[in-house]
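The values are calculated or read from the model by the stated rules, or taken from the named source; none is laboratory data. None of the values given here were measured: they were computed from a predicted structure. All Cβ positions, even for glycine, are placed from backbone atoms using ideal geometry, and neighbour counts span all protein chains on display. Side chains are part of the model used for accessible areas, which takes the heavy atoms of the whole protein and leaves out ligands, DNA and RNA. Shrake-Rupley method; radii C 1.70, N 1.55, O 1.52, S 1.80 Å.
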Number of protein chains: 2
Amino acid sequence: MKFNKHLQNIKTYEAGKPIELVVREYGIEPQDIVKLASNENPLGCSPKVIDAVGKILTKMSLYPDDSMISLKNALSKRYNVDSENVIIGSGSDQVIEFLIHAKAHSGSKILMNSITFAMYEIYSKHVGADVIRTSSQEHDLDEFYELYKQEKPEIIFICTPNNPTGDALDAQKIYNFLEKIDNDTLVVVDAAYMEYAIVKDAKKEINVKELIQKHSNVIYLGTFSKAYGLGGMRVGYGISEAKIIKELYKLRPPFNITTLSLEAATVALSDEEFVQKSTALNLEQMKRYEEFAKEQKIDIINSYTNFVTLSLGSNQNSTKIASQLLQNGMIVRDLSSYNMNAIRVTIGTQEQNSRFFKLVIKFL
Amino acid sequence: MKFNKHLQNIKTYEAGKPIELVVREYGIEPQDIVKLASNENPLGCSPKVIDAVGKILTKMSLYPDDSMISLKNALSKRYNVDSENVIIGSGSDQVIEFLIHAKAHSGSKILMNSITFAMYEIYSKHVGADVIRTSSQEHDLDEFYELYKQEKPEIIFICTPNNPTGDALDAQKIYNFLEKIDNDTLVVVDAAYMEYAIVKDAKKEINVKELIQKHSNVIYLGTFSKAYGLGGMRVGYGISEAKIIKELYKLRPPFNITTLSLEAATVALSDEEFVQKSTALNLEQMKRYEEFAKEQKIDIINSYTNFVTLSLGSNQNSTKIASQLLQNGMIVRDLSSYNMNAIRVTIGTQEQNSRFFKLVIKFL
């Protein structure tokens, strides 16, 4: 059977290995496995969320309120925007899918950083669009601007903080960049890890209300998967001018998050204390990684997220080290598929991080 | 901002009104509202599922096993196929989305019944494909064949039992039809309500293993939203030849169902007793609707699902009656958007159905 031609070029996303797989493949007991590969919150999620979801388990048979008004209202309040400025996705991934399908098509150009979130490219290929990448490892908005003028992309992705490298742009730099971009180019500001960035450096924080009021061509993305600790519940969102949201809504399948996810995300937003606790622990433990890297003379990218990226030396091999760690029940992310000789390690609990340090030292 | 042209023609799906909306709009207390609009299971879901999900609430922070091997193995066993023949979607909706995006494109033709599941058309429009419809209300496979020869569609949708009408085809008729279709036309057999059909008439049951062994161009769709009582958890599946599944996988976003949904669906498959109880209650209560329709001289379409479609007389108006019911806390589906003067009523519990009969009689 023949399928659309552009499918030939699509590689599927390589997810962080789940604990179940390591149990199956290496016969290690689940309790002996530490997963620091998918940037999940090591504190889990808010106990209030667990309580609330536990109380509505009999509602699993009922479709969610497809207007998602409870969650949209909570997000509007959080960002001081209107609910018509908000769209909910099954992870912010799905909002990325909507906007690429809405704006791009075969032959469109989509501009993104040399190294960045893999799903931008995968969704671009779904519609047969061409991916244009900068050359610098960190986001260099001057280079973005040069490529923008030269290539006239339909969409520009800015990932701040960036995944899988962890660096982040000052908000002011993004504001200045946006001033120079024409109104018909959609600029995506993917801020999945922003909650971690702002506790480390307030200059990274984007004023979302101002952003969308000033610019009719920008969409801000956030997620409940990281600081809110709901990676397994698949809820993210986009915030933009109402006109853009209305177009994206045309591509939203009904009931695109579960009944339990809707409740979980809504309640999660009411427990900012949990987020503060999570980001504080993260910052404290990140310092241990920074010290460890210094001691071991490993390059570490200054991170504004809940992970650190350790760039290995030429006498070390990230694939080999990740594999050795895996065989010892420690799951981290090898970044060789991003053409980096580096591993990405989610910042875990005090104990998990200690175990990582102790183990990795054997293989460095 | 300009968006892709074909978005102009997309209407968004109109979901059954959730109870929350009726509470907000009409000020009726939740306990006084009966929703017979979205074909949800009135028994809820299996108690085993509630137990199992309740035990893993702390895993909401963890991404699901993206291989979904537990669920794929359980489905393979259920249908006696290999796990490489199975793809999981966020509802069978999402599998429909995958296959349209994989096979169709701007200008493709997609053939479907005059009245059928609304998402086929909506997803077709997402890629700018043209929808070809039969003229007969029930699936007439002779007419499908004539249109197939004439229009050479990329995809043919057969919905059996059909939604929102409830009628179903004998499996043999589908087998005969498939013999005449060339290998490059993808035939979708959407069997979301099949669990209800087979208890009413065994001739409706499709042998999925044989179907996909004999035909390399067919995909069978099933869901956990109906008889398994997990509408709110968004899990469906497609079963097809491995080559087709592999192509569809290229369009599957990672983690497309939640961690709790994966557990819920896997456990649901192990409790066939619950499904039997659900379909038995449904069949028993359906008889009451059939008797009621006979007494009231209302046309009822012979249903093989968990809903009945009541075709109203020319002196009655489905929109008016649905609205009157709604104001009294009874949510049903007005089918006027399908150009039918009919209402679709989910078969509820004994008590819910009694309440429907008592109430609707006032407005007929």
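Structure above, values below:
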| quantity | calculated |
| --- | --- |
| Pseudo-label separations to other copies for A:K152 - Cα-to-Cβ vector, 7 Å, nm | 3.4 |
| Size-normalised alpha-carbon gyration radius of the protein assembly as shown, reference 2.2 N^0.38 Å | 0.97 |
| In sequence order, calculated HN-Hα J values of region A:54-71 (Karplus, 6.51, -1.76, 1.60; Hz; x Gly/Pro) | x, 7, 10, 4, 6, 8, 4, 7, 9, 4, x, 4, 5, 6, 6, 5, 4, 6 |
| Total charge dipole magnitude, region B:99-209, about the Cα centre, Cβ charges on Lys, Arg, Asp, Glu only, Debye to nearest 20 | 220 |
| Mean Cβ neighbour count within 10 Å, used as a protection proxy, ranking B:262-272, B:308-318, A:88-98 highest first | A:88-98, B:262-272, B:308-318 |
| The protein assembly as shown - accessible surface per residue (Å², probe 1.4 Å) | 39 |
| Computed over region B:68-174: relative contact order in percent, which uses C-alpha pairs under 8 Å that are six or more apart | 25 |
| Cut-off under 5 Å, modelled amide H: who pairs with B:I331 long-range | B:V34, B:K35, B:L36 |
| Other copies of B:K320: label-to-label distances in nm, shortest first, labels 7 Å along the beta-carbon direction | 8.2 |
| Heavy-atom accessible surface that B and A bury in contact, both chains counted, 1.4 Å, Å² to 100 | 5900 |
| Spacing of the two label points (7 Å from each Cα toward its C-beta) at A:D182 and B:I361, in nm | 6.8 |
| For region A:47-271: relative contact order, % (alpha-carbon pairs under 8 angstrom, 6 or more apart) | 30 |
| HN-Hα J in Hz across region A:185-193 - Karplus 6.51, -1.76, 1.60, θ = phi - 60°, x for Gly and Pro | 9, 7, 9, 9, 9, 8, 10, 4, 9 |
| Dipole in debye (nearest 20) - region A:47-271, about Cα centre, beta carbon charges: Lys, Arg +1; Asp, Glu -1 | 580 |
| Summed residue charge, Cβ within 9 Å of B:S70's Cβ, Lys/Arg positive, Asp/Glu negative | -2 |
| Simple spin-label estimate for A:E210 and A:K320 in nanometres, 7 Å along Cα-Cβ | 5.0 |
| Label-zone membership for region A:6-48, site B:S270, 7 angstrom Cα→C-beta point, backbone N under 15 Å | none |
| Inter-probe distance in nm under a simple model that places probes 7 Å from Cα toward Cβ, at B:I50 and B:K149 | 5.5 |
| Relative contact order (%) - region A:182-307, alpha-carbon pairs under 8 angstrom, separation at least six | 29 |
| Nearest-20 debye value, the protein assembly as shown charge dipole, Cβ charges on Lys, Arg, Asp, Glu | 20 |
| Per-copy distances of the B:E273 label point, shortest first, in nm (7 angstrom along Cα→Cβ) | 4.3 |
| From phi via Karplus (6.51, -1.76, 1.60), per-residue ³J(HN,Hα) for region A:341-350 in Hz, x at Gly/Pro | 8, 8, 10, 9, 10, 5, 6, x, 6, 3 |
